[in-house]
Amino acid sequence: MPSRLIFVNGDKYKGCVDTEIWELSPNKVMESVDVVPADANNDGGESQILMRFGNIVGNDPSQIRPGSRIRKASLVVTAFDPGSTVNLHRMFVPWPRSATWNNLVAGVSADGQEASLGR
């Protein structure tokens, strides 16, 4: 039977983990930030946002059952500055919420090893 599940971090779903890392503040930990605006006020250096969604698959009624076919999934990303470019890459390596530019070795490289090549 087809069903629709929506995961929005909040009351029922708490599995989203995100953080931002900055090239110009390479040791700054941003884990306590509620909103992660990419390339926010950081003096023009590169910034990267890391997101992961845990506890989506499982046997709880609020989870996707293991082995289920997922027909559609969407992630809404909002660019609020005209001309902004946002690239999305699948991460291949684990990272802590306390990640920094330096402890990820100069940020994340979309090199097929740390993150996917495609956008």
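The values are calculated or read from the model by the stated rules, or taken from the named source; none is laboratory data. Predicted, not measured: the structure shown is a model, and the values here were computed from it. Here the Cβ positions follow ideal geometry from the backbone for every residue, glycine too, while neighbour counts run over all protein chains shown.
Every residue in segment 107-119 that is free of Cβ contacts under 8 Å to residues at least 40 places away in the same chain and farther than 10 Å from residue 88 by Cα, please.
109, 111, 112, 113, 114
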On the basis of being part of a loop (DSSP other than H, G, I, E, B), among the hydroxyl-bearing types (Ser, Thr, Tyr) and at pLDDT 85 or above, does residue 3 make the cut?
no
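Per-residue answers, yes or no, for (1) modelled with pLDDT of 90 or more; (2) in a loop (DSSP other than H, G, I, E, B); (3) closer than 17 Å to residue 22 by Cα:
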position	(1), (2), (3)
51	no, no, yes
61	no, yes, no
80	no, yes, no
88	no, yes, yes
94	no, yes, no
103	no, yes, yes
118	no, yes, no
